[in-house]
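Contents: one structure, followed by commentary.
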Amino acid sequence: MNRVGLSIKRFFSNSSIYVPYVLLAILIVLVVSTFLSRFGYQSLFGVSVVISDSMEPALRRGDIVIYFRESFTLGDIVIYCLTPNHCIAHRVVDFMVLDTVNGDRLLIITKGDNVDSLDPPIEIEKIIGKVVFVMAREIWIPLLAVAVAYLVRDILKTLVLGYSYAILFIVIFATVLSVYSTIPRPINAEPVKPSLVRLAGVYFQLDSCTLSIRYINAIPMILTEVEVNSTKVDIVDFNPREIVVKPGEDLLRKAFEYREPLVIKIEALLNRVGRLSGEYPILIGGLDPQISFVNGILIARNLNCFPITINISIRYLDNNSWLWINRSYVIDGFSQIVI
């Protein structure tokens, strides 16, 4: 009996040497696995501290939950993370299939036991695990206090770097992280800009000297501003799918004569849920002036809606000498001059 007793005593004595190292390895694996799951990487399990009362009485504020990555069904408590330090543990109450252009997507509907409203649907890929074990706060907090006290005592007693330092560091780090995750984060309000749509066609109407900016979509335009070559122009007609503006005559004349495009800049609201924005160049086409002689009179006609400049050179005989006259004329739209 004495020999058996000595063997048992020796076994426990030798085993106690490895217990701290086993505990250290477990803590390291637990912390690393939890971090991986929080940042979206695949991990088998993790831990989390409950910081709200939305799941009471099943989960109370301050309880620790251990979750595993495994299949779940209706009624199970699952965990998904909105940010690496803010995760939600709620119960699965429904599944839904969303038909998209990329195929069907399975969404999960969750709800807290202590709240009346449902959570927004989340993709099944966002679920990091199912809660399989809950440790009450009355258990883990005293155990943590005892463990920290023991480690501090061991460090003060030996003053030698060893496993106690490593375990204490991990415990303190995990505790600080848990407390940090419970601190509410300030929400910085940022102005939300409407979505930008760049679908438009710009057309020049030669008969009326107007630019037609057309938009084809299900969302109507309600407010708009238009500039032509950095000059704001008046809107002569407006409807939910088209804007008609009339640039200045001088802008049209220069664009036609120098063959330089007009740059139309538009900023329009689409029923307050989007905006039509962009710069659209357009070349102005037109007709050459029509020159004719009637009874020795030169007639120059402008067949365009905008004014044009013509240069006329006339050669004539004066006292047996041929002379030239060069003159420029500006002809208004749809008009003529007689020379």
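The values are calculated or read from the model by the stated rules, or taken from the named source; none is laboratory data. This is a predicted model, so every value here is computed, not measured. Quick reminder, even Gly has a Cβ in these numbers, built from the backbone with ideal geometry, and neighbours come from all protein chains shown.
Okay, here's what the table says:
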item	result
For P289: the one exception among (1) within 45 Å of the chain's Cα centre (by Cα); (2) closer than 17 Å to C209 by Cβ; (3) surrounded by 14 or more Cβ atoms within 10 Å (Cβ to Cβ)	(1)
The lone exception for I284 - which of (1) under 44 Å from the mean Cα position of the chain (by Cα); (2) without any contact (Cβ under 8 Å) to a residue 60 or more places away in the chain it fails	(2)
When residues of region 202-236 are limited to those that are loosely packed, with under 12 Cβ neighbours inside 10 Å and modelled with pLDDT under 85, the one farthest from the chain's Cα centre (by Cα)	D234
Strands (runs of 3 or more DSSP E) wholly inside region 243-304 that include at least 2 residues being of a type in the set (D, E) and modelled with pLDDT under 85	none
Qualifying residues in region 251-266 (those that are of a type in the set (A, V, I, L, M, F, W, C) and in contact (Cβ under 8 Å) with a residue 40 or more places away in the chain) - the one surrounded by the most Cβ atoms within 10 Å (Cβ to Cβ)	L252
Hey, G248 surrounded by fewer than 16 Cβ atoms within 10 Å (Cβ to Cβ) and touching a strand residue (DSSP E or B) at 6+ places or on another chain (Cβ under 9 Å) or not	yes
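Yes/no matrix, rows are residues, columns are (1) surrounded by fewer than 10 Cβ atoms within 10 Å (Cβ to Cβ); (2) under 49 Å from the mean Cα position of the chain (by Cα); (3) not assigned by TED's automatic domain parsing to the domain that holds S208:
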| residue | (1), (2), (3) |
| --- | --- |
| G278 | no, yes, no |
| R301 | no, no, yes |
| I308 | no, no, yes |
| L317 | yes, no, yes |
| G333 | no, no, yes |
